[in-house]
1. How many residues does segment 196-212 hold that are crowded, with 16+ Cβ neighbours inside 10 Å and within 24 Å of the chain's Cα centre (by Cα)?
2. Within segment 135-157, track down each residue that is within 12 Å of the chain's Cα centre (by Cα), in a helix (DSSP H, G or I) and not β-branched (Val, Ile, Thr).
3. Which members of segment 175-193 meet the condition of being surrounded by fewer than 13 Cβ atoms within 10 Å (Cβ to Cβ) and outside any helix (DSSP H, G or I)?
4. Do we have residue 108 as open to solvent by 40 Å² or more (accessible area, probe 1.4 Å) and either aromatic (Phe, Trp, Tyr) or touching a Leu at 6+ places or on another chain (Cβ under 7 Å) (or both) here?
5. Kindly indicate which of 124, 147 is in contact with a strand residue (DSSP E or B) (Cβ under 9 Å, 6 or more places away or on another chain) and surrounded by 16 or more Cβ atoms within 10 Å (Cβ to Cβ).
6. All but one of (1) more than 12 Å from the chain's Cα centre (by Cα); (2) modelled with pLDDT of 80 or more hold for residue 21, so report the exception by its number.
7. Are any of the residues in segment 213-222 closer than 25 Å to residue 132 by Cβ, of a type in the set (A, V, I, L, M, F, W, C) and open to solvent by less than 20 Å² (accessible area, probe 1.4 Å)?
8. Which pairs turn up if I take residues in segment 139-159 that are farther than 16 Å from residue 84 by Cα and of a type in the set (Asp, Glu) and look for partners that are open to solvent by 10 Å² or more (accessible area, probe 1.4 Å) and in a strand (DSSP E or B) with beta carbon separation below 9 Å, at least 6 apart in sequence or on another chain?
Amino acid sequence: IKSGSIATTVDPLGLSSILEVKPTQTFTDLLDAQEKFTKDALSRTLCGVLEIEELTKAYARDTGLKPNSLKIIIFGSGSLSLTILPKRVSHDVDAAVPSQFMAFCEQKMRKSHGAKPEFSSPRLLQYLGAWEERASTIEGLSHTTFLIPHPLDTVMQKLLRTDATRFETNDKPDIRDILERLNPDKETLIGLLTENPARYRIPKDKEQAQAIVRNTNWFTKEFLPEHTPSP
């Protein structure tokens, strides 16, 4: 942190909030903003993302790789906080990362004050369509690049949820909120639902296949009522 000729180093995991500082703000304004953002969803998400970047730096030191050589995908509620729903509260930041980096993180991760990083395999996104073509990117302080799926691709991922209770309590409100804000046309929704037919080719006796049918039928009834639900 630099202020004129004075430079201070802060442990990123010691941060409890991250907020924008404007040139016109007074010290009192900053104190008020800090109090407001301490429990703010976006602030907590950013602290969690910063923790992941610290892990990429440590991994780079151990392996000799550059931090920006890792493909890190922030998905789920974290991606919504960083894009369309900055007030979306979550206690973790879901990240899809390479398996070697995931194993490293599980050994090295420390407790931070932000949303806790939770790591998964990129295979979790295998039933989405061409989501990478629509993804946004953010670059960290060490030039680590994070991929952020488009909110509508997050909707398509939420339709894969096998836990019916979490789909009811978490996903349905998110889906309604996203579609209300973006107001996509029906052709866009149909295109996203059919972009990757593999999601409908899972054997019917699998829990994942049953969940997809159940969730997609709810979605079409809610947002595409003219389409006949699948049996």
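1. 5
2. 151, 153, 157
3. Answer for segment 175-193, where residues must be surrounded by fewer than 13 Cβ atoms within 10 Å (Cβ to Cβ) and outside any helix (DSSP H, G or I): 183, 185.
4. Spelling it out, residue 108 is indeed open to solvent by 40 Å² or more (accessible area, probe 1.4 Å) and either aromatic (Phe, Trp, Tyr) or touching a Leu at 6+ places or on another chain (Cβ under 7 Å) (or both).
5. Being in contact with a strand residue (DSSP E or B) (Cβ under 9 Å, 6 or more places away or on another chain) and surrounded by 16 or more Cβ atoms within 10 Å (Cβ to Cβ) holds for just one of 124, 147, which is 147.
6. (2)
7. Checked segment 213-222: at least one residue is closer than 25 Å to residue 132 by Cβ, of a type in the set (A, V, I, L, M, F, W, C) and open to solvent by less than 20 Å² (accessible area, probe 1.4 Å).
8. 139/145
The values are calculated or read from the model by the stated rules, or taken from the named source; none is laboratory data. Being a predicted model, the structure only gives us computed values, none of them experimental. FYI the Cβ positions are ideal-geometry reconstructions off the backbone, even for glycines, and counts take in every protein chain you see. Only protein heavy atoms, including side chains, enter the accessible area calculation; ligands, DNA and RNA are left aside. Shrake-Rupley method; radii C 1.70, N 1.55, O 1.52, S 1.80 Å.
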